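Heads up, the thing below is written out as structure tokens.
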Amino acid sequence: MAVDERFARDFREARGDEPEGTRNEIVTGPVADWATDFSHTEPEWAADPYPIQDDLRQRCPIAHTPRFGGGWLPTRYADVAAIAYDTERFSSRSIIMSNFRPPRDVAPIGGSPPISSDPPFHHDARKLLLPAFTKKAVARQEPATRALCHSLIDAFDGQGVVDAARDYAQHIPMRVIAGMLGFPPADGPQFRQFVENTLEGINLPPDERITRMSALFDYLLAQIHDHIDNPREDLTTFLINAELYGRKLEPSHVAGTMALLLIAGIDTTWSAIGASLWHLARVPADRERLAAEPALLPTALEEFLRAYAPVTMARLVKQDMQWHGADMKADDWILLSFPAANRDPAQFERAAEVVIDRQVNRHAAFGLGIHRCVGSHLARMELRVALDVWLSRIPAFTLADPSMVTWSTGQIRGPRTLPLRLG
Ligand code: HEM
């Protein structure tokens, strides 16, 4: 079979034209008690999850919900860490908590290796990616990222108010990862749709979700075809040619990893840049200090990552068990909140405050354990350059209208509308 036919066939399977698995009824609507009925898809959580998490940490550190077919929410750093490190009892076969659980036999590979993979496969799938994301490899992206940030600000063209989430933050990771994968820069707006469908469309009926996901896989298939016909120096060609255990990667592995890099690479960093600018727009003392002391930026951005950690992941319980007093059942979800862990006063002094010169800061924003973020050097570079260029060009800015700020819903949290008044 020709290599592109093999890709086409495997893609139809990967995107789940006839998905197996377990579906649960969709339950939405206000939460009466977050300890017994939590839902990270409600507007209250999107607007401000921290008071909810702080309250739970005090009175019910492992909360439960019957929604999504049943799940648990640990809010203490120690519990989040214990689960992240325990791949014996918690599986990554799905890391997005929704009403759909993929069948158990997708483990240990899952739909988007390595994030969906369990040991022992995980190690090998992850190792393939590491060379592309070293500090040295990332440094090569820095000049183009800096130039992009300047061009985005040039395009503000003297406007008094700009949407920093839409017109600045989102474009930076989109263009960088599109460049690394070898996708046309003009395709950026489509990526936004793919990201929203994957991460925010979790309460859609499963069939509709699958239809929308197909658009992503069709796009990736077209890119794979193009790269098979015109190989070039980028991550897509690398994945098509990569080998594991003496064989080329399965087409579903290539596509799943491309989807992961696209999704993981965009929404996360977009959120981190937006949340940092949101903070600086509200706290003039921090903004003025950072504008005057750019050398503090690497320390400050770790604090922004700790305090506004954008990423929450999920796990599935492998077998019925008692875990730290919780009566967990096989296939219960765990909503693994790195943001809640990062604000645990048992782990961080002045946990609820943003301390931009915090010296010791072993935060969990990039995860903990074997799945710790492969793209952390890239994310840090993008965040540092985005803030550095912004502050050097626009040292003074405030929220134009706090009531207009909107935040994404679901497991990746960051501003999606952020009108800032410049000057
Ligand atoms: C501020 C931005 C980012 C944050 C906060 C972040 C956070 C995370 C977290 C918490 C995990 C752990 C997942 C788990 O435990 O299930 C993770 C994994 C991962 N991230 Fe990131 N990420 C960011 C940016 C990026 C970028 C830019 C890329 C690359 C394009 C990337 C690629 C990945 C990959 C491939 C994994 C899976 C690693 C594995 O399973 O071994 N991330 N990220």
Filter result (closer than 24 Å to Ser94 by Cβ, within 10 Å of the ligand (Cβ to nearest atom) and touching a helix residue (DSSP H, G or I) at 6+ places or on another chain (Cβ under 9 Å)) within segment 119-147: His122, His123, Ala125, Arg126, Leu129, Phe133
Give Ala379, Ala365 a once-over and let me know the one that is near the ligand (Cβ under 7 Å from one of its atoms) and more than 17 Å from Trp278 (Cβ to Cβ). Ala379
Can you find a residue in segment 182-202 that is within 17 Å of Ala132 (Cβ to Cβ), within 16 Å of the ligand (Cβ to nearest atom) and either modelled with pLDDT of 85 or more or assigned to a helix (DSSP H, G or I) (or both)? yes
Selection from segment 387-423 of residues among the charged types (D, E, K, R), under 23 Å from Pro339 (Cβ atoms) and in a strand (DSSP E or B) yields Arg416
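Which of the residues that make up segment 118-155 are part of a helix (DSSP H, G or I) and in contact with a strand residue (DSSP E or B) (Cβ under 6 Å, 6 or more places away or on another chain)?
Answer for segment 118-155, where residues must be part of a helix (DSSP H, G or I) and in contact with a strand residue (DSSP E or B) (Cβ under 6 Å, 6 or more places away or on another chain): just Asp124.
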Selection within segment 65-88 - of a type in the set (A, V, I, L, M, F, W, C), assigned to a helix (DSSP H, G or I) and within 16 Å of Gly367 (Cα to Cα): Ala78, Val80, Ala81, Ala82, Ile83, Ala84
Is there a residue being away from the ligand (no atom under 13 Å from the Cβ) and at pLDDT below 95 anywhere in segment 255-275? yes
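Scan segment 324-359 for residues that are of a type in the set (A, V, I, L, M) and out of contact with any Phe, Trp or Tyr (no Cβ under 9 Å at 6 or more places or on another chain) and report the count. Reasoning before the result, please.
In the first step, residues of segment 324-359 are kept if they are of a type in the set (A, V, I, L, M); the result is 326, 328, 330, 334-336, 340-341, 346, 351-352, 354-356.
Still in the list and also out of contact with any Phe, Trp or Tyr (no Cβ under 9 Å at 6 or more places or on another chain): 330, 351, 355.
Qualifying residue count for the region: 3.
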What is the residue count in segment 335-354 for residues that are within 15 Å of Pro49 (Cα to Cα), aliphatic (A, V, I, L, M) and assigned to a loop (DSSP other than H, G, I, E, B)? 2
State all residues of segment 339-367 that are small (Gly, Ala, Ser), surrounded by 15 or more Cβ atoms within 10 Å (Cβ to Cβ) and closer than 28 Å to Ser91 by Cα; if no residue qualifies, say none. Ala340, Ala341, Ala364, Ala365, Gly367
If you scan segment 308-324, which residues turn out to be away from the ligand (no atom under 16 Å from the Cβ) and among the aromatic types (Phe, Trp, Tyr)? Trp323
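Listed here are the residues, each with its yes/no results for (1) within 16 Å of the ligand (Cβ to nearest atom); (2) out of contact with any helix residue (DSSP H, G or I) (no Cβ under 6 Å at 6 or more places or on another chain); (3) polar (S, T, N, Q).
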| site | (1), (2), (3) |
| --- | --- |
| Glu25 | no, yes, no |
| Glu44 | no, yes, no |
| Ile52 | no, no, no |
| Arg67 | no, yes, no |
| Arg93 | yes, no, no |
| Ile96 | yes, yes, no |
| Ala107 | yes, yes, no |
| Ile115 | yes, no, no |
Filter segment 282-307 for residues that are buried (at least 23 other Cβ atoms within 10 Å of the Cβ) and under 20 Å from Gln170 (Cβ atoms); the one that is nearest to the ligand (Cβ to nearest atom) is Leu305
Restricting the search to segment 260-289, which residues are of a type in the set (A, V, I, L, M, F, W, C) and under 12 Å from the mean Cα position of the chain (by Cα)? Leu260, Leu261, Leu262, Ile263, Ala264, Ile266, Trp270, Ala272
Before we move on, is Glu382 surrounded by 14 or more Cβ atoms within 10 Å (Cβ to Cβ) and among the charged types (D, E, K, R)? yes
Of Ile370, Ile334, the only residue that is surrounded by fewer than 20 Cβ atoms within 10 Å (Cβ to Cβ), among the aliphatic types (A, V, I, L, M) and within 13 Å of the ligand (Cβ to nearest atom) is Ile370
Quick check on this structure: which one of Gly423, Gly410 is out of contact with any helix residue (DSSP H, G or I) (no Cβ under 6 Å at 6 or more places or on another chain), on the phi > 0 side of the Ramachandran plot, among the small types (Gly, Ala, Ser) and modelled with pLDDT under 95? Gly423
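The values are calculated or read from the model by the stated rules, or taken from the named source; none is laboratory data. Predicted model only: the values in this text are computed from it and were never measured. No Cβ is skipped: glycine too gets one built from the backbone with ideal geometry, and neighbour counts run over all protein chains shown.
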